[in-house]
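Derivation of every value follows stated rules applied to the coordinates shown; laboratory data play no part. Please read these numbers as outputs of a predicted model, since none were measured by experiment. Quick reminder, even Gly has a Cβ in these numbers, built from the backbone with ideal geometry, and neighbours come from all protein chains shown.
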Amino acid sequence: MSRVAHVADSAPDDDMTVAAVDSVAAVRDAVLDASHARRTLRIAGRGAWLDAGRPVQASETLSVRELSGITEYVPGDLTLTAFAGTTLGEIRAATAPHGQWLALDPFGDDDGTLGATVSTGSAGPLVTSFGRPRDLVLGVEFVTGAGVVARGGGRVVKNVAGFDLTRLLTGSWGTLGVITEVTVRLHARPEADQSIAISLDERPTAAAERTRQLLRRLPFAPYVCEVANDALARHLAVGTGLTVLVRLGGNRESVLAQRAAFNELGDVRDIDQNVWPALRGCEPAGANVVRLSRLPSEIGLTWSDAQSIVETISSGTAFMHATPSRGVVRCILPRGNAVSRTHLAEALGAPTTVTRVGERLENALWSFVTRPSPSDELAARVRATFDPHAILNPGLLGAVS
Amino acid sequence: MASVASSSPSSGLIDQALADRLAEIVGAKRVLFRRSELLTYTADALPSYNKAPALAVFPGSRDEVVSVVRELATRGVPFVPRGAGTGLSGGALADGVVLIGLNRLTRILSVDAENGMAVVEPGVVNVALSRAVAAHGLHYAPDPSSQAACTIGGNVAENAGGPHCLKYGVTTNHILALTVLLPSGEIVKLGNQSGEVDGYDLVGAFVGSEGCFGIALDITVRLSRNPEAIRTLLADFMSLDAAAQAVSAIVATGIVPAALEMIDQATIRAVEASIYAAGYPTDAAAALLIEVDGAIAGLEADVATIEQLCRTHGARTVRIARDEVERVRLWQGRKKAFGAMGRISSHLVVQDAVVPRTKLPAVLAEMHRIGKERRVNICNVFHAGDGNLHPNITYNAADADETHRVHEAMQEIMSVCVKAGGTITGEHGVGLDKVGYMDMIFSPDSLATMCALRQVFDPDRRSNPGKVVPMHSCREWHMSPTARPTTT
C-alpha cells in the first residue's frame, strides 16, 4: 500500500507542490507519473540541502521524508540499512546504545536525512579518518528517472558483484535516481575520544602548512584535524586567532600519546566535544559557501586563495577552515550587498589552478565557479541513460545553461 | 598459418589481414595468431574454463594500445583486456575474440611521496609498486594473494581486495583518477588527484567493471604510510564456532585489525604437510591469524585485549610472533594455503562469497554439511573480519562423477551464502564463472540497469563480451520498468 500525501507547510517555495511519499512503490509511481507528463521533480529529504548546489527549476517537489525507518540493524555485523528519509539523528540514537556510530558528519545537523547525505556525497570533518560517503555506503536502492527500481551493492561489507551502481549514485545529487534505501558501514566507538585545540600565532598559510607536515609525520591519523580562522574560533568559543581543532580516538594509551604529539604545534588544551556539532552548524542562513582544493602539499597557497575570496566580503565576519590532510579550505561568507557580490564574483571567476566547488551560493554566482570537466560528455551520457527525460533535479549537475 | 577455429560470430572479422595490420602497430612478434601460440592464453588462474582467443596482441606502449583499440573499433572486433591472468573468475578469457595483453605497460609514471600518490601504467605489478615506494616509507595497500604477479590494471578491473583490506579498504578506496580508453577509441579522464570531484563518481563506476568499460591507460593511486609497528598473533580453537565468536568479539571492541583471517583444520593440515609449514597446530579445528598495526603507543594494549578475547572465547593457545622471521612464517602458511592444497589433489576450485559476519558460524556449519552430503573435500581459509569466505574444493577433474558433485556443492554453497544475506563475490569478480549466479542477488531491473551503464561506456558491448551481466538481462534498454504494479 502506498500513499501520497500533499504537505503544504514544508514547501521550500510557496507555489511548489510537495508530494511526500512513504513507500518505494509510491516513489516509483510519482516518478512514472512525472515522466509520462514530462513534469520535472525537485527531490528532497527534509529540505536541509535544498539551498545547496546549483539552482533547480522543477514543477514540483518529491519528498522522501515520510519514507523513513531503519529496516535492518545487526550490531555484530556493523552494518545498517535504512530508508532514505531516516535522519542521521535516528541512526545515532539506534547505534549509540551498542557502542557504534555512522562516522559521517555532513555540515548542517543530524536532522538531515541519510538519503540526502548519500545523494549529495556530503562529508564533514571526520573525512580525515573515515573517508567520504562513497567509502561508507555498501548498497543503495533507487528509482531511475524512468521509474525503474534498481539496486546496487548489497548489505555486506565487501562486495564486487555487478557494476558499481552504489558509487555512481552516491554524490549524484538525485539526478540519476531517487535513492530510496541505503546500507551503510558502521564503526565501533573507540575506548577514548577526546578533543583538543592549539592556538597558533604565525601567518595562517605557514600554520596550515606546518600542521599538514606534522600530520604527515605522525604514526597515526587523528579522527579530525581542522584549522579554523580567528572568526570561526571565536564563534566556536575555542579560543582566538588561528586555531587547530583535533579529535583523537583509540585506546586510552594511544589517545594520550596522540595528544602529546600535538604539543609540537603549540600548547595543547582540552576542549568540549560540542565543538563538532557547532562547527557543522556554523553556517548562517543564506551564507555563500565555497570549497577550494589542491594537493595537500599546496595547502598554504590554497589558504591564501581562500583568504582573497573572504576579503571581498568582510574578513572580520567570514569563517574559514582547512582540512590539511586533504588540501581543502572551506569559506563561509555571510551574504553581502550588491557591491560585495560583484567583488565575490570577480574573485570566484579569477583564473587559478585551484579547484573551486560551490556548496551554497546565490543563484547569480554559480556561473563563476562552474568549470567544464573532461568527463562532462560521458557524464551527460550517464545522465541521459538513467534519466532520459531529464526530469530529476534539472540544472543541478551538468553543463550550465 | 592456420587460425584457431571458433564458434564466435566475430571470428570472421579476425583474419590474417587484421593480424598483419596489428603487427604493423606492435611488431610481428607481439601478435599471436597460431593455435599453438595461443594455448597459454586459454585459461586464467581458475582452471575450470578453457577458451581460446582468436588472436592475442601485446602492445608495448600507451600509443600502441590506443592504435590497437582504434583499429579494432574501426573493424567492429570484440576484445578482452588482460593483465597478468591471475584472476579467479574466468574474467580475462577471450573466447574467439582478440585478447589485448597489457602486461608490457609496466612504467611507474610518477611518484608524489609528499602527497602520497603515484601514477602507474596498467601492467605494473602490485608488489612492484610497493617496492618502488618503500624508500619513502609508503606502500600500496590492497594486497591480493597474487600480489607478486597481478597487475594494478587487473586490480582496478576486479576491484581487488586482500587480507589487509579489512582496515585499509579495497582497490576502489585507493584509486583517485584514471585515464580511460573507451572501446570506441575515445580517451577520457576520470576523477582528479585531489579526490575532490564535482559531478558523478565515474572513477567509482569504472573500478570493478571487469574490463567491460574499457582499458585504464594510467591509474592514479593513493599510497599508504607504512605502519610504525606490526604485531601478528595466531590463536587456535577447538571449534569453528568458538573462532567465529572470537572474531565478532574483537571487531566489537572498536579495534580494527589490519587483518583477521581464519584457517580451518583441513587447510591447516594441508599447509603443515607442505613445504610452507608454518607451525600451525594440526589438531585445532580452526586458527585465527590476527594482525594489528599502527603507532607503537597503544598497540600492545590492543594486542593484550585481542589475546584476552581469544582466550575468553576458548582459544587453546595464543602465539604472538616475536620477530619478523616468525611473523613472515605465520603469514606464509596463510598466503601459500592454495598452493599447499594443490599438492593434495590435481584440481582445486577457489570459491569466493561474503556473508554478514554474525552468520559465519551458521554458514560454516552448513558448508560442513554440504561437504559431507556431496562427499567433497571443502577447505576454508578466509578473511573472517569482513565475512569474506573462500571455500576451496580439491578434486580430480578426470573423475566425472566427482567433478559433478563439486559443481553441485559450489552451487549449494552459493545459495547458502545468498540466503544468509550475503553476496556471490567479495573480491574475485563475476567474470564468466559467476554470471549464472547474478540472478540470485539482483532483480531483472537491476541487471538491466547495470547493462545500461555498461552501454554508456561501450555501446556495442565489444569490450569483454559476455561477462558480468547475463546476456538475457541486456534486453533492449527502454528505461522502463518490467511491470508497473497497480497501486491504490
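Taking each residue of B:439-451 in turn, how many C-beta atoms of other protein chains fall within 10 Å of its C-beta, and what is the average? If you can, show how the numbers build up before the last one.
On the way: counts 0, 1, 5, 7, 5, 1, 6, 9, 4, 2, 16, 9, 2.
Per-residue shielding by partner chains comes out at 5.
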Computed E for residue A:377/residue B:408 - FRET, C-beta separation, R0 41 angstrom, nearest 0.05: 0.30
Point-to-point label distance, residue A:203-residue A:36, nm (Cα→Cβ direction, 7 Å offset): 6.6
Positive dipole terminus of chain A, leading residue within A:324, A:233, A:391 (C-beta point charges): A:324
Sequence of B:401, B:20 once ranked by neighbouring C-beta atoms within 10 Å, starting from the fewest: B:401, B:20
Derived scalar couplings ³J(HN,Hα) [region B:228-239; Karplus, 6.51 cos²θ - 1.76 cosθ + 1.60; whole Hz; x for Gly, Pro]: 5, 8, 9, 10, 10, 10, 10, 10, 10, 10, 8, 8
Helix-only [θ]222 nm of chain B, DSSP H runs n ≥ 4, -39500 (n - 2.57) each, per residue, nearest 500: -9500 deg cm²/dmol
Partner chain coverage, peptide B:423-429 - average Cβ within 10 angstrom: 5
Positive-pole candidate from B:469, B:397, B:384, dipole of region B:341-488, charges at beta carbon: B:384
Centre separation in Å (Cα based) which lies between region A:94-142 and region B:345-376: 34
Euclidean distance of C-alpha centroids, region B:188-259 and region A:169-237, integer Å: 21
Per-residue average of Cβ from other chains inside 10 Å of A:371-383: 5
Cysteines in the protein assembly as shown lacking a second Cys C-beta under 4.7 Å: A:225, A:282, A:331, B:150, B:165, B:212, B:310, B:379, B:417
Sorted by Cβ neighbour density within 10 Å, fewest at the top, the residues A:128, B:449: A:128, B:449
Net dipole in debye of region A:288-369 [+1 Lys, Arg Cβ; -1 Asp, Glu Cβ; about Cα centre; nearest 20]: 220
Extreme residue, positive dipole direction of the protein assembly as shown, given options A:250, A:163, A:21 (C-beta unit charges): A:163
Anisotropy class of chain A from Cα gyration tensor, a/c 1.5 cut: oblate
Given 15 as the ceiling on other Cβ atoms within 10 Å, longest exposed-site-free region of chain B for trypsin sites (Lys or Arg not before Pro) in DSSP loops: B:108-321
Least to most buried among B:268, A:70, A:196 (fewest other Cβ within 10 Å first): A:70, A:196, B:268
Environment charge of residue B:356, counting only residues whose C-beta is closer than 9 Å and scoring Lys/Arg +1, Asp/Glu -1: +2
